[in-house]
Amino acid sequence: MATAPALQLPDVERMTAEESLLWAYEQFGDRLCLTCSWQKQSSVLVHMVSELGLDIAVIELDTQLFFKETYETRERLVERYGLNLIQPHVLTVAEQHAREGPNLWERDPDRCCHIRKVEPLERALGPYDAWISGIRREQALTRKDAQRVEWSERYGVWKIQPLVDWDAKRVQAYIVVNEIPYNPLHDVGYPSIGCIPCTRPVVRGEDERAGRWAGADKIECGIHADSPGGESARHEREPGESTLGTSAKTNQSPTQSGGA
Ligand code: SF4
């Protein structure tokens, strides 16, 4: 656990997304990075950084289990914005099968997320002092207390979250107005998009993240947890509520389009 270095924080909660990016760039320079998993928030932030003319490293958190639409979205954004992606090493799926047994995501999704997301992120953040992510408060109860700027003891970096107070409508409007490429799965029932084995579309009335790890009570991959073991962030069940099935997630706070 790393303690926060001294930092003179302005009133970041009153800043716009753009102002917070400009402040972070001025503060951290080339020790600031942006992570992308190619959901809508990635599209917004890549565009915003480009519009502001900021030279910020972009780290791709690719589990190698994304949908083809996700990879196509990545290619469109790379081409349009001239991105030079940093891609941390991840075990191939075959290597994971050999080491951990087949389909680890079915038996132990927390460990699978740790291997394919958390560990690569920890390594990738090594050279940086600050990390821009696209999480938003309304996405889940687990994110409702997110701050625009907060210290991560786990990773030893400042987290910059420019879109923390944006709702899904605002994200969509920004994308439409600026004609930014985005993941088309968002238009066909996937408000939150992760790996193929752990993502399904949602139906009307379901929480946005009901389609992530459906059938289990896992609701976070763990990269935004501030302590080791955060992969197991769970939906807090009501007495008598099932531990399995989508019903376990439909009572979360109203959320919209999702982050990692
Ligand atoms: S989302 Fe599923 S497949 Fe992807 S890393 Fe986590 S458990 Fe593994």
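Computed from the coordinates by the stated procedures, all read-outs in this text should not be read as laboratory data. All values derive from a computational prediction rather than experimental measurement. Don't worry about glycine lacking a Cβ; one is built from the backbone with ideal geometry, like all the others, and counts go over all protein chains shown.
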Item checked: First in segment 192-210 and more than 17 Å from ARG143 (Cβ to Cβ) and within 15 Å of the ligand (Cβ to nearest atom), second anywhere and hydroxyl-bearing (Ser, Thr, Tyr) and not in a helix (DSSP H, G or I), Cβ under 6 Å, 6 or more apart -> CYS195/THR63
Next item on the list: Please verify whether segment 208-225 includes one or more residues that are closer than 27 Å to LEU22 by Cβ and not small (Gly, Ala, Ser).
Entry: yes
Next item on the list: Check segment 2-25 and report whether any residue there is under 25 Å from VAL176 (Cα atoms), touching a Phe, Trp or Tyr at 6+ places or on another chain (Cβ under 8 Å) and either free of Cβ contacts under 8 Å to residues at least 12 places away in the same chain or charged (D, E, K, R) (or both).
Entry: no
Checklist line | Residue satisfying all of: in segment 211-221; surrounded by 23 or more Cβ atoms within 10 Å (Cβ to Cβ) and without any contact (Cβ under 8 Å) to a residue 60 or more places away in the chain; farthest from the ligand (Cβ to nearest atom) among these | finding: GLY211
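Residues are listed down the side, and each one gets a yes or a no for (1) more than 17 Å from the chain's Cα centre (by Cα); (2) closer than 20 Å to LEU45 by Cβ:
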position	(1), (2)
ALA146	no, yes
LYS159	no, yes
TRP166	no, yes
ALA173	yes, yes
ASN183	no, yes
GLY194	no, yes
THR199	no, no
VAL203	yes, no
GLY211	no, no
Next item on the list: Check segment 80-89 and report whether any residue there is surrounded by 13 or more Cβ atoms within 10 Å (Cβ to Cβ), under 17 Å from the mean Cα position of the chain (by Cα) and in contact (Cβ under 8 Å) with a residue 60 or more places away in the chain.
Entry: no
Item checked: segment 113-130 residues that are free of Cβ contacts under 8 Å to residues at least 60 places away in the same chain and within 22 Å of HIS97 (Cβ to Cβ), paired with ones that are more than 11 Å from the ligand (Cβ to nearest atom) and in a loop (DSSP other than H, G, I, E, B) (beta carbon under 7 Å, 6 or more apart) -> PRO120/PRO88; PRO120/HIS89; ARG123/PRO88
Check: Could you say which residue among VAL164, VAL157, VAL171 is buried (at least 18 other Cβ atoms within 10 Å of the Cβ), in contact with an Asp or Glu (Cβ under 8 Å, 6 or more places away or on another chain) and not hydroxyl-bearing (Ser, Thr, Tyr)?
Finding: VAL157
Item checked: Answer residue from segment 174-191, given it is surrounded by 20 or more Cβ atoms within 10 Å (Cβ to Cβ) and in a helix (DSSP H, G or I) and is nearest to the ligand (Cβ to nearest atom) among those -> LEU185
Margin query: Which count do you get for residues in segment 67-111 that are outside any loop (DSSP other than H, G, I, E, B), more than 9 Å from the ligand (Cβ to nearest atom) and of a type outside the set (A, V, I, L, M)?
Written below: 17
Next item on the list: Tally the residues that are surrounded by 12 or more Cβ atoms within 10 Å (Cβ to Cβ), part of a loop (DSSP other than H, G, I, E, B) and of a type in the set (A, V, I, L, M, F, W, C), restricting the search to segment 5-41.
Entry: 4
Next item on the list: Mind listing whichever residues of segment 213-227 are of a type in the set (Gly, Ala, Ser) and more than 14 Å from the chain's Cα centre (by Cα)?
Entry: ALA214, GLY215, ALA216, SER227
